[in-house]
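Peer 1: Sharing a structure, written as structure tokens. Questions coming.
The values are calculated or read from the model by the stated rules, or taken from the named source; none is laboratory data. These numbers were taken from a predicted model, which means no experiment stands behind them. Neighbour counts run over all protein chains shown; Cβ positions are idealised from the backbone, glycine included.
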Amino acid sequence: MWGQVAVSCLCLSGPGLHSASLTLLFLMEWTNFLAKAQSNLRIARLAFENKECDPCVSRAYYAVFHAEIAALLFFTELRLEYWGHDFTQAEFNRRLIRERKIFASELVDIHNILAGRRDTADYGANRTSETVARRCLARAEIFVQAVQTTIEEKS
């Protein structure tokens, strides 16, 4: 598993720091982000079912964002304290779609599409339509499912 390989390269010293616990920490880290993605997707579905289109779009975006982080943690050595939105999307596309071809190229634009819709939903004066919310939710479901399935196949 890629997360384990990256951890074995770390050299840390100090009381209580053991390679096994560091391995577990990094493994838990990607699982935590995947759980956040799944949670945001569930909330997006609930919001859509209740005709709350703005929160649906916002949560759909964050489902994709957290899925990107989970995939980067699982498949690469990249470890950050802060995951910037543009950086995360760019690294996911560069490392996992273009270079390593782990994910299909159909996923390339989903982050940017949802980011624009989220900005409008969160900060715009107009309300998001049901049609737009449905499309955003569908895109997020495709993205999160692709990440989850690919991680499960590689575990």
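Peer 1: If the requirement is being modelled with pLDDT of 95 or more and of a type in the set (F, W, Y), which of these qualifies: Y61, Y82?
Peer 2: Answer to the check: Y61.
Peer 1: Right, here's the next one. Which one of the conditions (1) modelled with pLDDT of 95 or more; (2) assigned to a loop (DSSP other than H, G, I, E, B) does L17 fail to meet, given that it meets all the rest?
Peer 2: (1)
Peer 1: Please work out which one of (1) farther than 15 Å from A70 by Cβ; (2) part of a helix (DSSP H, G or I); (3) touching a residue at least 40 places away in the same chain (Cβ under 8 Å) is the condition D119 fails and give its number.
Peer 2: Answer for D119: the failing condition is (3).
Peer 1: Within the stretch 122-155, count every residue that is in contact (Cβ under 8 Å) with a residue 12 or more places away in the chain and acidic (D, E).
Peer 2: Of the residues in that region, 3 qualify.
Peer 1: Read through the list (1) among the small types (G, A, S); (2) touching a Cys at 6+ places or on another chain (Cβ under 9 Å); (3) over 20 Å from F48 (Cα atoms), then give the number of the only condition that G84 fails.
Peer 2: For G84, the exception is condition (2).
Peer 1: Tally the residues that are surrounded by fewer than 17 Cβ atoms within 10 Å (Cβ to Cβ), out of contact with any Phe, Trp or Tyr (no Cβ under 9 Å at 6 or more places or on another chain) and outside any helix (DSSP H, G or I), restricting the search to the stretch 126-155.
Peer 2: Number of matching residues: 3.
Peer 1: Of all residues in the stretch 56-88, which are without any contact (Cβ under 8 Å) to a residue 12 or more places away in the chain and among the acidic types (D, E)?
Peer 2: Of everything in the stretch 56-88, those that are without any contact (Cβ under 8 Å) to a residue 12 or more places away in the chain and among the acidic types (D, E) turn out to be E81, D86.
Peer 1: Oh, and also: Considering only the stretch 75-95, I want to know if a residue exists there that is surrounded by 13 or more Cβ atoms within 10 Å (Cβ to Cβ), assigned to a helix (DSSP H, G or I) and of a type in the set (D, E).
Peer 2: Yes, some residue in the stretch 75-95 is surrounded by 13 or more Cβ atoms within 10 Å (Cβ to Cβ), assigned to a helix (DSSP H, G or I) and of a type in the set (D, E).
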